[in-house]
Structure formats: C-alpha cells, structure tokens
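Participant: Quick one: the structure is below, and I'll ask about it shortly.
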Amino acid sequence: MSQTIDEGMRQSLNSVREVNFDGLVGPTHNYSGLAHGNVASMSHEGLVANPREAALQGLAKMKSLMEAGYAQGVLPPQQRPDLGALRALGFSGSDAELLTRAASDAPQLLRAVCSASSMWTANAATVTPSRDAPDGRVHFTPANLQSSFHRYLEPATTGRVLAAIFSDAAHFAHHPALPATPAFSDEGAANHTRLGAAYGDAGVHLFVYGRRAFGGDGVEPRHYPARQTLEASQAIARQHGLCEAQTVFAQQHPEAIDAGVFHNDVIAVGNGPVLLYHELAFRDEQATLDELRHKMSTSLIPVRVPLEAVSLEDAVASYLFNSQLLSNADGSMTLVVPGECQQREAVWRCIQDHLLAGHNPISDVVVKDVQQSMRNGGGPACLRLRVALSGAERDAVSGSVLLNDGLHGELAEWVRRHYRDRLAMEDLADPQLATESLTALDELTRILAIGSVYPFQLN
Ligand code: SUG
C-alpha cells in the first residue's frame, strides 16, 4: 500500500511543470513615462506606441515557446482607461466628459488610468507551488503595486482574474494583496525566485527587497525608489506558510536600484538550481549565496556576471538578466533574451563567452523581439508569471488560458481586429479608444472563458 502511495506521489511530483502565464498587452499600450526609476519608461515618454505590434510580439513569444515544448498560459489585460478611478478622484459626467476633463485638468491622471502595465505579469502576484506549502495547495498573493498610482490600480482585477482561473479550492489558495501602504510595498514575483532541483522537488524561496520599513540601517538607494520592502516579503512568506528553512531574504544592492534596476528580475534570474546574477545584484553577495547553499537540498549553481564584463548601464539597457531561464528535458537550460542583448557588444560577448561556454546548464540562447514592451522597461521575464503546476493542478485550471495553436490563432486574430497600430499621448482622451477597448475585452473574456472579471462587466 505504502509503495503505491509513494509511487503515486513520485509520479505527481515528476509531472510538475512550470507554466509561464504571459500578460496579453492591452489595447491602450502607450509611452507615458510613468515609471520613475525605470530608465526605459522615463526615456521613451511621448513616443508613439503601436499596441497591435506590442500584443502580436507578446503572442509570438508565447507561440514560439509553446512550439519549443514549454507550457504556456495567458493572462488578460486590465480594463483601461480606468474610468472608475477617475470618478473616484472627483471627475464626473459622461464617459466622454470624464476623459475630456481629465485631459485638460489632470493629464498625468489620464495617462495613469490608460497604462497597459498589467502586461508585466511578473508583477501580478507572488506564487508558491503546492510542493512547498503546508496545505499542499498553490498559493497566490496579488502584488499591491502601491509604489506608483498607475500600477496600484491593478491588484483588484488581478485578484479576480487569478481567482477565476485558479478557482478550484482543492488545489489553489488566494490571499488578499498586502495593505497598500509604503511599509508593505510589494511588486510580486519580480522580486521572488524559487530555487531547487526539479520543479517537483522542495524549493527555497529567495525574496529580494530594496529597503526595510522598520529598523533599517539607512543603506538604501538615493535617487530612485526601492519598490519592495522586507516587511512585505516576510508577510507573503507568512501568508503562504513558508518557514525559515524555506526562505532567504536578501537586500538588493542600492547602487543597482540607483542605476535603474527597479526590480530584482532586472539583475538576476534563477531556475532550478541555477542562479544567474550580476555582481551588484545583492548588497551582501556572499551571505546571500551562503544562506541559499545552507538551505537548499541540492547544490546551488551560481552563474556570476562580474561588473567588468557587463556594466550596470549595459545590464539595464540590454535586460540581459530579464531573460527567461527555461528547463529542458535533458537537464539543460535555454535562456530567452530580448533582442536588445544583441545590440550591446559587451552583453552579447558575455552570453557567448561566459554563459554558453561556462560550466553551467545554460546550453542555448534564444532571442525574442519584444521591443514595444522593452521601451517601457519590460523584457521577456517581466511579461510572464511563473506557476509550477502538477498534472492534476493543470487539469484543474479553469477557462481556456493554456495556449495551443487554436487559442493563439484566435487571440492573434482578435488583436488584429481590435487594436490600433498607432497610439500617441493625445489619443488617450479619445472616447472611441475607451469604447474599442471595452468591446475587445468583453470578447476576450469569452475567448478565454473566464467569466466576468472587469468592473464594466460586474456593475
Ligand atoms: O513597473 N513599466 C513597468 C515595467 C515593469 C517591468 N517588470 C518587471 N521588471 N518585472 C514598471 O516600471 C511603464 C508604464 C508607462 O510609462 O506608461 C511601467 O509601468
């Protein structure tokens, strides 16, 4: 009997795969320069965006990874413009009047309520796989994203979307976003890395924070905000039932944040036992590695990129570390990098001479063009939320959100039908854009079969 259970358990653990849930780029994708401390967002303010191209670039990345054998999911964008947010801030009148008034009286607010920032689903939530949680369920906490107004608008809908997709309470547990106040500033999985042997094996959770809310020693960035607090990361670990032996909390290097590294996933990426990171990723590199080694039940494979090989400026401009590191069946790993890595000589050299030629499992580099997203500071890794799921958990996923050829075709056709190929700042006040966007999203919830998740569908 016990042998049967062990065998069943073994099979279930072997069946665990990482599913990358990419955010679909929304119809209002634009360059508003909203993200302070995000060099790409700040420097591309005012550029004319191409939402159609952005969404198709995202879908092309998803399709090619699906075709290469990786499990791929999709998450819908949010309702934008968020007219409810404008009303809550005192604007009134018809929808068209709201937009006109906001455009003339508070253009920054109009920009914020139009942002398509939910595409970066690495910031949607923090996820703990069932293997690590004491109740054997997958745990989710939407990030409160309180450090910027345009992103603070995301968690309510994110929570509904996650609850609609991961609705089976036997497998999935949902927690409320942390209090949206600076002490608990949380940016989700972008500052969380799970390390271990195979996906089905026990993991150690590396939480990276930029500052402490209470009792810090004052060593913090000086120019740009630290978006994640230690207290937020600790609260999420508590919500998910993670104990001390399963967690490592490390401070991000303040110099990196001041150079434009606004999330840990702009300077480090982990997968399985591999941690690919820049010399200036962590304030105390040695202590971070030592604690990981001590707590992991498999040997950590650190892949360190020294400052002399890649400067912080090159790291931020190329997003080398915002790559997806994906496991292959033979134990090797593929690094999915943004096209910008090819344009920086030092970075491309580092990939060839240091990463591919080094003693580590990275055997292959794949280049993806996500330039529309990159110009707002979102690379391949920002665009996806990693959810490790067993076979039974994948079967329990609701809606049509796991990508296949049919769904990809439908989504690409939907984008071509509804999205504009040009969006400038002055277009944000166009009431027609709001109508187009809602029409598209209403149809999308039917394609994805996720029910009503948007405020306009619930009222
Ligand atoms: O929060 N950009 C996002 C980019 C998020 C990238 N995510 C990860 N690193 N995981 C941000 O800074 C710019 C939007 C604008 O300017 O309209 C923006 O929000």
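Participant: Residues that are part of a loop (DSSP other than H, G, I, E, B) and over 23 Å from the mean Cα position of the chain (by Cα): does segment 425-435 have at least one? Quick ask: steps written out before the conclusion?
Facilitator: To start, the set of residues in segment 425-435 that are part of a loop (DSSP other than H, G, I, E, B) comprises 430.
Next, only the ones that are over 23 Å from the mean Cα position of the chain (by Cα) stay: 430.
Taking every residue of segment 425-435 in turn, at least one turns out to be part of a loop (DSSP other than H, G, I, E, B) and over 23 Å from the mean Cα position of the chain (by Cα).
Participant: Restricting to helices (runs of 4 or more DSSP H) lying wholly in segment 77-131: which have 1 or more residues that are surrounded by fewer than 19 Cβ atoms within 10 Å (Cβ to Cβ), more than 13 Å from the ligand (Cβ to nearest atom) and aromatic (Phe, Trp, Tyr)?
Facilitator: none
Participant: Shifting gears a bit: Being over 20 Å from the mean Cα position of the chain (by Cα) and surrounded by fewer than 24 Cβ atoms within 10 Å (Cβ to Cβ) is the filter here, so list the residues in segment 249-267 that pass it.
Facilitator: Listed by number, the residues that qualify are Pro254, Glu255, Asp258, Ala259.
Participant: On to the next question. If I ask for residues that are closer than 17 Å to Leu389 by Cβ and not in a loop (DSSP other than H, G, I, E, B), which ones from segment 193-204 would you list?
Facilitator: Listed by number, the residues that qualify are Arg194, Gly196, Gly203.
Participant: Please indicate, with yes or no, whether at least one residue in segment 164-187 is among the hydroxyl-bearing types (Ser, Thr, Tyr), in contact (Cβ under 8 Å) with a residue 60 or more places away in the chain and within 16 Å of the ligand (Cβ to nearest atom).
Facilitator: Within segment 164-187 (the criterion being among the hydroxyl-bearing types (Ser, Thr, Tyr), in contact (Cβ under 8 Å) with a residue 60 or more places away in the chain and within 16 Å of the ligand (Cβ to nearest atom)), the answer is no, since none of the residues qualifies.
Participant: Identify, from the list Ser311, Ser299, the residue that is in contact (Cβ under 8 Å) with a residue 24 or more places away in the chain, open to solvent by 20 Å² or more (accessible area, probe 1.4 Å) and within 18 Å of Val347 (Cα to Cα).
Facilitator: Within the list Ser311, Ser299, the selection yields Ser311.
Participant: Another one. Of the residues that make up segment 27-49, is at least one modelled with pLDDT of 95 or more, crowded, with 16+ Cβ neighbours inside 10 Å and away from the ligand (no atom under 16 Å from the Cβ)?
Facilitator: no
Participant: Can you go through Met66, Met62 and tell me which one is part of a helix (DSSP H, G or I) and open to solvent by 20 Å² or more (accessible area, probe 1.4 Å)?
Facilitator: Testing whether each residue is part of a helix (DSSP H, G or I) and open to solvent by 20 Å² or more (accessible area, probe 1.4 Å) leaves just Met66.
Participant: Here is a list of conditions, (1) aromatic (Phe, Trp, Tyr); (2) farther than 20 Å from Arg238 by Cβ; (3) open to solvent by less than 20 Å² (accessible area, probe 1.4 Å), and Phe140 meets all of them except one; can you say which number that is?
Facilitator: Exception for Phe140: condition (2).
Participant: Could you pull out the residue among Ala180, Ala169, Ala213 that is in contact with a Ser or Thr (Cβ under 7 Å, 6 or more places away or on another chain), part of a loop (DSSP other than H, G, I, E, B) and surrounded by fewer than 23 Cβ atoms within 10 Å (Cβ to Cβ)? First the steps, then the outcome.
Facilitator: On the way: Ala180 fails: in contact with a Ser or Thr (Cβ under 7 Å, 6 or more places away or on another chain); Ala169 fails: in contact with a Ser or Thr (Cβ under 7 Å, 6 or more places away or on another chain).
After ruling out the rest, the residue left standing is Ala213.
The values are calculated or read from the model by the stated rules, or taken from the named source; none is laboratory data. These numbers come from a predicted model, not from an experiment. Cβ atoms come from the backbone with ideal geometry, glycine included; neighbour counts cover every protein chain shown. Areas reflect the complete protein model, heavy atoms only, side chains present, ligands, DNA and RNA absent. Shrake-Rupley method; radii C 1.70, N 1.55, O 1.52, S 1.80 Å.
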